[in-house]
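Just so you know, all these numbers are worked out from the coordinates, no wet-lab data involved. What you see is a predicted model; the values in this text were computed from it and never measured. As a convention, Cβ positions derive from the backbone with ideal geometry for all residues, glycine included, and neighbour counts pool all protein chains shown.
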Amino acid sequence: MPLSRMSTVSSLVALLGFTGSALAAQTAELQATEQLYNQHCSVCHGTQRIGGAGPALLPESLGRLKKPEASKAISEGRPASQMAAYKDILSPAEIDSMVDFLYTPIDNPPAWTDSDTSASHRLLVDTSTLADTPQHNADPLNLFVVVEAGTHHVTILDGDTFESVARFQSHFALHGGPKFSPDGRYVYFASRDGWVSKYDLHNLTMIAETRVGLNTRNLAVSNNGRWVLAGNYLPGTLVLLNADDLSLVKSMDTIGSDGTASRVSAVYTAPPRDSFVVALKDTNEAWELSYAGTPDFVPRRIIAQDALDDFSFTPDYRYLLATSRKAKGGQVIDLDSGKSITDIPLPGMPHLGSGIYWKRGGDWVFATPNISQGLISVLDLKTWQLIKEIPTEGPGFFMRSHANSKYAWTDVFFGPNQEVVHLIDKQTLEIAHTLRPMPGKNAAHVEFTNDGSHLILSVWDTEGALIVYDAKTLKEVKRIPMNKPSGKYNVGNKIEFAEGTSH
Ligand code: DHE
């Protein structure tokens, strides 16, 4: 048996804690499972489970997929994909063993090198044949890019008529917000299993794709439209691509000054600073990489008080509000001086990447949902003081608003009340409305049209929907059935880095 297969079997046996003859029986069963994997799965998912035509099947990439869902995908296949149903080929016990096998870490994680990245690069069209103007009738700055998590598809929606303009299959498990070229023509996606893709919203066609790693967090696009930077968990790298065709420029191992190899928590672009800002998950550093002029992309290392999971910026991008899931609270880092300037009182697990800011009276405030506690923390961005903790009906994930809306919308994502969305009055900081768009189903993530007159909410369920609301009357305008729609992104709001939207 090849070493890599041996090691997978031994890890699983060790994990399950078998002894003596039980161990021999289990080892035989696991070897049989590996054989089944090689026979049926490896052709699409790779001999080392790192993906191929199908997604990677490593615990790192399957983390958000619950085991019963994986079992269902194996037995029934996945609609609108190449994944066939195996319930007539594998027994229920074999499917159970297969699921255990897929969720077992590989002892020696496979490598992903620059040669792998370059070899994966595909230019899908001759770009010289493409029109420079929109080849559809929708307002290009009021299009929505909608991620359909349940079917791994993307819908491009006209933000005036709320009709579909295009729909296409994405790579497995897109995560993080898609990012746009400064003119809004191109949208860039990152999938959890490492694929970065570029889509042309004028011509409604995919332009290029490159696999930058085995497990990717998210990507950012420079404000001059020249560079795409992707951050990975596996391997711990930053990968810089040419934004034109997604060819590899260079990759960087994310190693702290103390020598600690780190995963990347997230990468963002900071437009007024002409730089990318990167949070590292396993070492106490944030990195800033300037893309002004002729950049060398050598990171400026900013020492943080803790390893950072998540952060957001002040409206002028001078300060970074950061948190670590391990830390009690958060910290403010001055990007000019490179110093942590104060702690911020944030309980639980604030999800700062989903935080938003707005003007309350004459002053900027910042509000963040919390993944572990039912509350929204509101901070004064001048004094860094906590203004209010607004109790909600459960822990939430996302928040959104628009300069023309008097409400900040936030969801209850976890717990028994996940059907709820709260509308917080941005001036009184009281909950003004609580909606239950589809009782019993998880309501989450909203995005406004470019003018703020309407917004679209996701009902995150296999039999879910996009629900369009009039932002003032809160009346439902339209309901579009959809399988687990997750994030939605309005092109105009995103390229303007508009108040109330994500970065
Ligand atoms: Fe996300 C954005 C981190 C789990 C859906 N998520 C982000 C961003 C970060 C992040 C740092 C901002 C990046 C960006 O937009 O470019 N997410 C994390 C986690 O650490 C966490 C808790 C665990 C993990 O496994 O990664 C996590 N996220 C999830 C989910 O389980 C969600 C709900 C479903 C999924 O797709 O995996 C999820 N995350 C999202 C979405 C965004 C996002 C839809 C973009 C929001 C936006 O409006 O911009």
Exercise for the section: Compute the separation of the alpha-carbon centres of the stretch 197-276 and the stretch 325-390 and state it in Å as a whole number. Expected result: 26 Å
Handout entry: In nm, spacing of pseudo-spin labels at His136 and Lys250 (7 Å Cα→C-beta vector)
Key = 3.8 nm
Exercise for the section: State the extension gain, in nm to one decimal, for the chain segment bounded by Arg436 and Thr294, taking 0.36 nm per residue of separation less the distance between their alpha-carbons. Expected result: 46.0 nm
Exercise for the section: Quick one: what are the phi-derived ³J(HN,Hα) couplings along the stretch 428-441, Karplus 6.51/-1.76/1.60 with θ = phi - 60°, whole Hz, x for glycine and proline? Expected result: 7, 6, 9, 6, 8, 9, 10, 10, 10, x, 9, x, x, 10
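Based only on other Cβ atoms within 10 Å, what is the fewest-to-most ordering of Asp183, Asp88?
Values: Asp183 13, Asp88 7.
If I rank by nearby Cβ atoms, fewest first, I get Asp88, Asp183.
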Problem - Label-point separation, Leu123 to Asp258 (7 Å along Cα→Cβ), nm - result: 4.5 nm
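In what order do Tyr407, Tyr86 fall by count of nearby beta-carbon atoms within 10 Å, going from fewest to most?
Numbers: Tyr407 22, Tyr86 19.
By the 10 Å Cβ count, ascending: Tyr86, Tyr407.
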Exercise for the section: Return His45, His402 ranked ascending by Cβ neighbour count within 10 Å, so the fewest neighbours appear first. Expected result: His45, His402
Fill in the blank from the handout: Under 5 Å from the placed amide H of Arg217, counting only residues 5+ away or on other chains, we find Gly231, Asn232, Tyr233
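Assuming R0 = 45 Å, can you tell me the calculated FRET efficiency for the pair Ala93 and Phe414, based on Cβ-Cβ distance, to the nearest 0.05?
Details: r = 33 Å, r/R0 = 0.72.
After rounding, the FRET efficiency stands at 0.85.
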Practice task
Return the sequence-ordered ³J(HN,Hα) values of the stretch 459-469 in whole Hz as given by the Karplus equation 6.51 cos²θ - 1.76 cosθ + 1.60 applied to θ = phi - 60°, using x for Gly and Pro.
Solution key: 9, 8, 8, 4, 9, x, 6, 9, 10, 9, 10
Fill in the blank from the handout: In whole Hz, the Karplus estimates of ³J(HN,Hα) for the stretch 347-363 (6.51, -1.76, 1.60; θ = phi - 60°; x where Gly or Pro) are x, x, 10, x, 9, 5, x, 9, x, 9, 10, 7, 8, 10, x, x, 10
Problem - Residues in the stretch 153-179 reached by a label modelled at Val477 [backbone nitrogen below 19 Å; 7 Å Cα→Cβ] - result: 155-166
Practice task
Beyond 31 Å between alpha-carbons counts as too far, so tell me which of Lys198/Lys484; Lys388/Lys488; Lys72/Lys406; Lys67/Lys426 fall in that bin.
Solution key: Lys72/Lys406; Lys67/Lys426
Handout entry: Residues whose placed amide H lies under 5 Å from that of Met349, excluding near-sequence neighbours
Key = Ile371, Ser372, Gln373
Handout entry: Separation of alpha-carbon centers, the stretch 119-183 and the stretch 397-441, rounded to whole Å
Key = 27 Å
Problem - Other-chain or far-sequence residues with amide H under 5 Å of Val165's (modelled H) - result: Ile156, Leu157, Asp158
Problem - FRET E, pair Leu386, Ala24, Förster distance 51 Å, beta-carbon r, rounded to 0.05 - result: 0.30
